[in-house]
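Inspection log for the structure reproduced underneath, given as structure tokens.
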Amino acid sequence: MKVMKFGGTSVGDARRIHEVGTLVKATVAREPVGVVVSAVSGVTNHLIDSVAAVLKGKSPDPFIAGFVAMHGEMLTQLSRQFGAGFFRDPQTEIDLITKDYGNLLNGVTLLQECSASILDHISSMGERVSVHLIAGVLKALGLNVTLLDPRQCLVTDSVFGNASPRMPEVEKRFEPYRGRSFEVLLMPGFFGADAAGKITTLGRGGSDFSAAIMAAALKADSLEIWTDVDGVFSADPRLVPDAFVLEEMSYPEAMELAFFGAKVLHPRTIAPVAALGIPTIIKNTFHPDNPGTRIHADVEQSRRPVRGLSVLAGVAMIGVSGAGLRGVPGVAARVFSAIAREGISVILITQASSEYSICFCVSENQAQKAVETLEGEFSLERKAAMVDAIEARRELSIVSVVGDQMKSRRGLAGTFFGGLASADVNVVAIAQGLSERNISAVVGGGDAERALDEKSEFQKID
């Protein structure tokens, strides 16, 4: 069987939803299909913005009306295509979800506060609606659809906003569907539920991750992620005009590129499928005949050591330094244990051999929390002047080159940093893993575009 995931632009209007149905029907003619769908493009932002707005005193009514309108026109158009009978079931479900949304948003308005749990509940409503639109189309096309509720089958921890699956329990919940004869197993992406049944989201773009979890739980033969681009590009084509679609890449290369800013993949998508060797193909809904990018284990060697170039913007660097750190065991453990307790994700780490300082990167929106956490952790050392003031340097980007074969090419790091120097880019920090699959440089946010353009020559290294 195959799992197919369709993103927000792929279900952006009635015509595109119909095209998705056609793609699924053509696949069902060959094999059973698991389908995961995102919210209609723009809906999740609308939901999150509505919470922020009512917390500032705005009325919830325009947002509730906007939510209805964003789906109502699509439902009307689909009813014209498939007949009045199409309208009934999706409309009933949409009405129930809209009522739930209105109740929660009115509650936030009255209380003037919104917990992470409630925000996740509201954020999930776009997928909960779009899945009923897709289900209606698939049924109208004559397919037998089994609808799955992630609250029942995708069990997660309770880290709201960035939950992780409890895979042993997830596999147990999906077990009844493995090997069972079905045509379409349909599930909304982006969310699951914790052990208490509270809705949790998997992070922005998390529908990719949902699809990978489904593929792994069902032991699928392949995973297809359908989006609005032809595959994974060698670099951001908006910054590098001669960037091209990669025919294939390894799982580690895909994970590195996704983690360091390649937006076509959610950073956590690859791990579940890589563990089982499930090939993953990135395809374009608008050009379905294009081959896309195949991510798998048996990648042919390329003459180019660099598979891709990426920029991760919106980064801050936190530094912990001081004479009192030199030679003191356990300092790094204290730093990262404190950060982990607060649920802050570390992107990159670098430490001087003098042991005088430890630096690491986090998302800018977590920088202040990281600083406050470490000020608390090292409060005694700060009072004793053993540790300097802990500060965040903001408005940075991480520029990375990624490739499995970089370790076999001498002088590549020199070329990388030489290219940055020739572009007049100041390097704030550097990092390279033992695998030599990735070389990263932290640069000023304003330098990132110029750096990437200069580095586009790496694709031509022989």
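Each residue in region 376-396 was checked for being in contact (Cβ under 8 Å) with a residue 24 or more places away in the chain, surrounded by 12 or more Cβ atoms within 10 Å (Cβ to Cβ) and either among the basic types (Lys, Arg) or not in a helix (DSSP H, G or I) (or both), and 11 of them qualify. The set of residues from region 221-239 being aliphatic (A, V, I, L, M), open to solvent by less than 40 Å² (accessible area, probe 1.4 Å) and more than 15 Å from Phe260 (Cβ to Cβ) comprises Leu223, Ile225.
Checking each residue in region 253-273 for being outside any loop (DSSP other than H, G, I, E, B), within 15 Å of Ser210 (Cα to Cα) and open to solvent by 30 Å² or more (accessible area, probe 1.4 Å) picks out only Ala271.
Condition check ((1) touching a residue at least 24 places away in the same chain (Cβ under 8 Å); (2) closer than 20 Å to Ser207 by Cβ; (3) of a type outside the set (Asp, Glu)) across all residues:
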{"residue": "Val35", "(1), (2), (3)": "yes, yes, yes"}
{"residue": "Val40", "(1), (2), (3)": "yes, yes, yes"}
{"residue": "Val43", "(1), (2), (3)": "yes, yes, yes"}
{"residue": "His46", "(1), (2), (3)": "yes, yes, yes"}
{"residue": "Asp49", "(1), (2), (3)": "no, yes, no"}
{"residue": "Leu55", "(1), (2), (3)": "yes, no, yes"}
{"residue": "Val68", "(1), (2), (3)": "yes, no, yes"}
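Taken together, Ser207, Ser117, Ser164 contain a single residue that is open to solvent by less than 20 Å² (accessible area, probe 1.4 Å) and closer than 26 Å to Gly42 by Cα, which is Ser207.
Checking each residue in region 129-159 for being open to solvent by 60 Å² or more (accessible area, probe 1.4 Å), in a loop (DSSP other than H, G, I, E, B) and either within 15 Å of Leu202 (Cβ to Cβ) or acidic (Asp, Glu) (or both) picks out Ser158, Val159.
A quick yes/no check of all residues on (1) over 23 Å from Ala235 (Cβ atoms); (2) within 27 Å of the chain's Cα centre (by Cα); (3) open to solvent by less than 40 Å² (accessible area, probe 1.4 Å); (4) free of Cβ contacts under 8 Å to residues at least 60 places away in the same chain:
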residue: Val331; (1), (2), (3), (4): yes, no, yes, yes
residue: Glu342; (1), (2), (3), (4): yes, yes, no, yes
residue: Cys359; (1), (2), (3), (4): yes, yes, yes, no
residue: Gln368; (1), (2), (3), (4): yes, yes, no, yes
residue: Leu374; (1), (2), (3), (4): yes, no, yes, yes
residue: Ile398; (1), (2), (3), (4): no, yes, yes, no
residue: Ala413; (1), (2), (3), (4): no, no, yes, yes
residue: Gln432; (1), (2), (3), (4): no, yes, no, yes
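Applying the condition of being of a type in the set (A, V, I, L, M, F, W, C) and open to solvent by 70 Å² or more (accessible area, probe 1.4 Å) to region 93-111 and asking which residue is farthest from Ala53 (Cα to Cα) yields Leu96.
The values are calculated or read from the model by the stated rules, or taken from the named source; none is laboratory data. Please read all numbers here as calculations on a predicted model, not as lab measurements. So basically every Cβ, Gly included, is an ideal-geometry build from the backbone, and we count neighbours across all protein chains shown. Protein only, heavy atoms only, side chains kept; ligands, DNA and RNA dropped before computing areas. Shrake-Rupley method; radii C 1.70, N 1.55, O 1.52, S 1.80 Å.
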